[in-house]
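What follows is a single structure, written as C-alpha cells, with notes after it.
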Amino acid sequence: MSGTIEVHGGDYEHVLALPGVHNGVDIRYVIGRPNEIFARMLRERAYEACEFSLANFLMLRDRGAEWLRALPIFPYRAFRHATLHVRKDSPLQSPADLPGRRIGVLDFSMTAAVWTRGILSDQYGVRWSDLHWVVSGAQRFPHLPGVTLEQFSGDLEDALVAGAVDVLLAVATSDRGKAPAERRLRPLIADVEAEEWRYYRDFGIYPINHTVVVRTDALARLPALPAALWQGYAEAKAQAYRRKLGTTLVPWGASHWQKMFEAFGGDPLPYGLNAANRKVVERLAHYLFDQRLISAVPDIETLFIDPNR
C-alpha cells in the first residue's frame, strides 16, 4: 500500500462506500459541511484532498494558483431555480420583475450564485448587472474588479423580511423549516421543477456545483492518488446505483428513480470529461467570465487531471 489520505466532503449516499483501499491508497472519508470545507481550503489550504466549489476552483486557477489541481469527479449537482426567495406579500412574481431590485447573497462567488445569475440571463434575459447586489459577512474573494457589492452587517434573511432587500439568493432558508402557515417567504419562481426541466430541455445543462481537488504536495507524496480517487468515487457511486438508495423510503420512489435515470441517460451524476460534462463546465466558465469573476475562459482540458494517465 502506497499511503493513506483523508478526503473531506459532504454527506451523500453515493460516497458511502468510498472509504477503503483503492489503487494502493487507503482513503479515509471525513464528512463535513461543504461551505466550511471550502472556506478552510481557501483560507489555510487545510486538506490534502477535498470536495470543492467548482466556480471557486476556476477562479483560483485564473488567479495563478498552482497549489491545487482538480479531478473530473463531480459529487454534487443541483438546478438553481429554487435559490430565489421573496416575501409572501412581495409584488415580484417572476424573474422578469428583477431588474433594478436589491438582491441579497451571502457570498457573491459561490457556485450556486454564479449558476443562478447565468440562468437568469440565459433563460429570462435578466442580466446580473441589472441588479443591485448586497452581501453579508466575509467574502471568499473580497476583491472583485468590476463588480460592485454593497456590504450589509446583518442577517440577509432578516433583511428580506424587513424589506431592506427585495430578493434573497440562498440555497436554503430558516423560514423553510417553519410550518407552512408560519412562513413569511415564498419562492420567486412558482413552479420551480417545471422551470428546471425547461432549462434542461433548452440548454442541456444539469449544473455541476462541486468537484474534487487535491493539493500538489499530496500528488507528489502519493503519485497513485488520482487513479485511487477516481476508482473510489466511481465504485461508491456504482454501488449506490445498484442499491437504488431512497427508492424504498418514500412513496413512488422506485418510479421516480426509473424516470430520472431514463431522463439522464442512465447516469444522473456522470464523472469524467465526456461531452456532456465538458459542456456544463464550459457554460459555468462563460458565466464566470461574463460576471467578471475570471479574466478569460480557460481551456477546459487543462483544468483537470486525467486520472487514468
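The values are calculated or read from the model by the stated rules, or taken from the named source; none is laboratory data. Since this is a predicted model, take the numbers as computed values, not measurements. Neighbour counts run over all protein chains shown; Cβ positions are idealised from the backbone, glycine included.
Taken together, Asn277, Asn209 contain a single residue that is in contact (Cβ under 8 Å) with a residue 24 or more places away in the chain, closer than 20 Å to Tyr47 by Cβ, surrounded by 13 or more Cβ atoms within 10 Å (Cβ to Cβ) and not aromatic (Phe, Trp, Tyr), which is Asn209. Number of residues in the stretch 92-135 that are not basic (Lys, Arg) and not in a helix (DSSP H, G or I): the value is 21.
Against the test of being outside the structural domain of His286 (by TED's automatic domain parsing), at pLDDT below 95, of a type in the set (S, T, N, Q) and surrounded by fewer than 17 Cβ atoms within 10 Å (Cβ to Cβ), the options Gln93, Gln151 yield a single qualifying residue, Gln151. Checked against the criterion of being closer than 30 Å to Leu185 by Cα and modelled with pLDDT of 95 or more, the candidates Arg33, Arg45, Arg28 yield just one match: Arg33.
Answer yes if at least one residue in the stretch 213-221 is modelled with pLDDT of 95 or more, farther than 30 Å from Pro145 by Cα and in contact with a Leu (Cβ under 8 Å, 6 or more places away or on another chain), and no otherwise. First the steps, then the outcome.
Here is the first cut: in the stretch 213-221, the residues modelled with pLDDT of 95 or more are 213-221.
Those left that are additionally farther than 30 Å from Pro145 by Cα: 217-221.
Then drop every residue that is not in contact with a Leu (Cβ under 8 Å, 6 or more places away or on another chain), which leaves 218-219.
Looking through the stretch 213-221, at least one residue is modelled with pLDDT of 95 or more, farther than 30 Å from Pro145 by Cα and in contact with a Leu (Cβ under 8 Å, 6 or more places away or on another chain).
For the stretch 216-245, name all the residues that are within 17 Å of Val21 (Cα to Cα) and among the charged types (D, E, K, R). Matches in the stretch 216-245: Arg221, Glu235, Lys237.
If we keep just the residues of the stretch 1-55 that are aliphatic (A, V, I, L, M), in a loop (DSSP other than H, G, I, E, B) and in contact (Cβ under 8 Å) with a residue 40 or more places away in the chain, which is nearest to Leu71 (Cα to Cα)? It comes out as Leu18.
What about Tyr233, is it touching a Leu at 6+ places or on another chain (Cβ under 8 Å) and within 16 Å of Arg77 (Cβ to Cβ)? Walk me through how you get there before you give the answer.
Details: touching a Leu at 6+ places or on another chain (Cβ under 8 Å): yes; within 16 Å of Arg77 (Cβ to Cβ): yes.
Yes; evaluated as a whole, the condition is true for this residue.
Every condition in (1) over 20 Å from Leu98 (Cβ atoms); (2) surrounded by 14 or more Cβ atoms within 10 Å (Cβ to Cβ); (3) outside the structural domain of Ile73 (by TED's automatic domain parsing) holds for Lys178 except the one numbered (2). For the stretch 282-300, filtering for residues that are in contact (Cβ under 8 Å) with a residue 60 or more places away in the chain and not in a helix (DSSP H, G or I) leaves 7.
Filter the stretch 117-142 for residues that are in contact with a Pro (Cβ under 6 Å, 6 or more places away or on another chain) and of a type outside the set (A, V, I, L, M, F, W, C); which is farthest from Trp197 (Cα to Cα)?
Keep residues of the stretch 117-142 that are in contact with a Pro (Cβ under 6 Å, 6 or more places away or on another chain), which gives 120, 124, 126, 130.
Subsequent filtering for residues that are of a type outside the set (A, V, I, L, M, F, W, C) retains 124, 130.
Values: Tyr124: 14, Asp130: 25 Å.
Only one residue tops the list, namely Asp130.
Can you tell me which residue within the stretch 7-40, out of those that are of a type in the set (A, V, I, L, M, F, W, C) and more than 25 Å from Glu235 (Cβ to Cβ), is surrounded by the most Cβ atoms within 10 Å (Cβ to Cβ)? The extreme case among them is Phe38.
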